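Throughout, read-outs are computed from the coordinates displayed, never taken from laboratory work. What you see is a predicted model; the values in this text were computed from it and never measured. Cβ: placed from backbone, ideal geometry, glycine included. Neighbour counts: every protein chain shown.
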Amino acid sequence: MNHADVAVVLRGGMMCSLYQLQVLVVIFSLLSSVASRHCGNGWEHKNGRCYKFVRFRTNFVGSMYFCRYFGGGLVEIDGYNEYQTVVSLARARNFPDFYIGLTDAFSEGNWIQASSYNFQTYFSWSPGEPNNHGNQDCVQVYSADLKMDDLSCSEHMHFVCEK
Ligand SMILES: [Ca+2]
Ligand SMILES: [Ca+2]
């Protein structure tokens, strides 16, 4: 093998690895574009829904506003399965206590979903909750036991959006 042959082999090897790199880049960009096409950046796709775990605090109305601003709504729990999905995502990222879209502000003890106004049929209250202590009309999920608690709608909490 002379020097020219070595140069060709080296160049061939380099081209090959560059080509492999380009293939990887294309695959990754395809994968990420599929993910973002479905949910968008900062959203997580799970069981056919998109969730966004927002890491700043605001009151209940603020959380509804920001979820709308982000292109979704404050998360509404449509049943056991969705609750398990949301709390497992929360647990996986050590998410603090957070608002969900559930309120009895319109009629004490009658819990409705905050954006759709559907009556809530699934609950996973923490022991002793809801207690409406001092008039609590909004709902958080405790990070400690991943159960629901009614709290004042003026509390500033993290929150989860859905779309
Ligand atoms: Ca209440
Ligand atoms: Ca309470």
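Using only the C-alpha atoms of the range 77-163, find the volume of their convex hull and express it per residue in Å³.
Here the figure is 95 Å³ per residue.
Which of 44, 162 has the fewest other C-beta atoms within 10 Å, and how do the rest follow up to the most? Numbers along the way, then the final one.
Working: 44 16, 162 21.
Placing the least packed residue first, the sequence is 44, 162.
Would you mind ranking 103, 58 by Cβ crowding within 10 Å, fewest neighbours first? Working shown, then result.
Numbers: 103 23, 58 17.
The fewest-first ordering by Cβ neighbours comes to 58, 103.
Compute the projected area of the convex hull of the Cα atoms of the range 78-125, averaged over all viewing directions, and report it in nm² to one decimal place. Can you show the working numbers first?
Details: hull surface 14.6 nm².
It is 3.7 nm².
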